[in-house]
1. Can you give the extra length, in nm with one decimal, that the chain gains between Arg202 and Lys133 once fully stretched, where that is 0.36 nm per residue apart less the Cα-Cα distance?
2. Suppose every Lys and Arg Cβ carries +1 and every Asp and Glu Cβ carries -1, with no other charges. What dipole size does the chain come out with about its Cα centre, to the nearest 20 debye?
3. Using Cβ counts within 10 Å as a stand-in for footprinting exposure, how do His174, His94 rank, fewest first?
4. I'm checking a number: the convex hull volume of the Cα atoms of the chain, normalised per residue, in Å³. What is it?
5. Through the Karplus equation 6.51 cos²θ - 1.76 cosθ + 1.60, θ set to phi - 60°, convert the phi angles of segment 75-89 into ³J(HN,Hα) values in whole Hz; use x for Gly and Pro.
6. May I ask you to sort Glu138, Glu109, Glu90 by Cβ crowding, counting other Cβ atoms within 10 Å and putting the fewest first?
7. Helix-derived [θ] at 222 nm for the chain: sum -39500 (n - 2.57) over DSSP H runs of at least 4, divide by residue count, nearest 500?
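Just so it is clear, none of the values below were taken in a lab; they were calculated from the coordinates. Fair warning: this is a prediction, and the values are worked out from it, not measured in the lab. Cβ: placed from backbone, ideal geometry, glycine included. Neighbour counts: every protein chain shown.
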Amino acid sequence: MKKGLIMTELLSGSPEPKTDRQAVKAHVASKLHVLGAGVASGTSTSKAHLARLRRAVNEFPGSVPEVWGITLGDLPSRLIGKSDAPSAGETAVHNALALFAIQQQGKSELMHRQGRGLGSAVRQYIMSKDPQKGFDEESPILRRFNALSTSDSVDELLWHLRGLITQLRGESVHLDFMELAANIHDFHYYDSRDKVRLNWGRQLYTAPRKTESDEVPLS
């Protein structure tokens with residue numbers, strides 16, 4: 001077994017409408033608020049938290065005691081697993097925050113941008129590589145994104161996400177990590193996967209419109 005594989009059960013049906021998904025987003029938002037404040041002030045505590053999260057990126061959710069306070073602290077009871085395996089919510093929170101730490105590495109500006117989904121971030125990456133050329137259908141990142149989008153398991157999705165986030169960091173592309181957490185959560189449910197893919201595709205091929213969230217990284 002590869003290090004970091006998350007042997008989560010594929011769940012039938014769809015997640016409870018809005019409830020669990022919203023709880024995941026709200027919890028990640030609260031953690032990003034704390035981490036973001038630390039990024040802005042450059043505190044040693046924030047840097048330490050981010051370093052610990054980066055070290056936990058390939059680890060099983062809940063297996064790294066030094067990040068328990070960040071990933072499991074104040075976790076809503078509805079998201080807490082009932083078995084020895086991590087729940088969809090625990091997996092989503094752990095990985096979204098660890099990926100945020102990867103994206104934030106070496107950056108003084110907060111890399112969370114509310115409203116910029118994964119497809120939109122990939123589009124921004126492509127456009128930033130060659131603004132004169134515009135959207136390049138042959139961009140290498142599209143191959144990675146397509147492979148990610150057709151993942152057959154949460155483990156495969158997370159493996160591709162780690163590489164994709166590293167690429168986005170290279171071009172300082174912001175991403176909505178609250179929404180990414182919700183995507184990871186929803187990917188646990190077979191009936192929700194195509195909805196996640198559809199939204200990514202729409203984002204990828206839709207030119208962004210200027211919104212308030214473009215000006216305010218974190219509400």
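1. Working: separation 69, 0.36 × 69 = 24.84 nm, distance 2.07 nm.
This chain segment gains 22.8 nm when fully extended.
2. Its charge dipole is roughly 380 debye.
3. On the way: His174 22, His94 29.
Lowest to highest Cβ neighbour count: His174, His94.
4. On the way: hull volume 26.8 nm³, N = 219.
Taking the convex hull of the Cα positions in the chain, it is 122 Å³ per residue.
5. Computed from phi, the couplings for segment 75-89 are 5, x, 4, 5, 9, 6, x, 10, 9, 6, 8, x, 6, 4, x Hz.
6. On the way: Glu138 7, Glu109 11, Glu90 22.
Fewest-to-most ranking of Glu138, Glu109, Glu90: Glu138, Glu109, Glu90.
7. Theoretical 222 nm ellipticity from helices: -17500 deg cm²/dmol.
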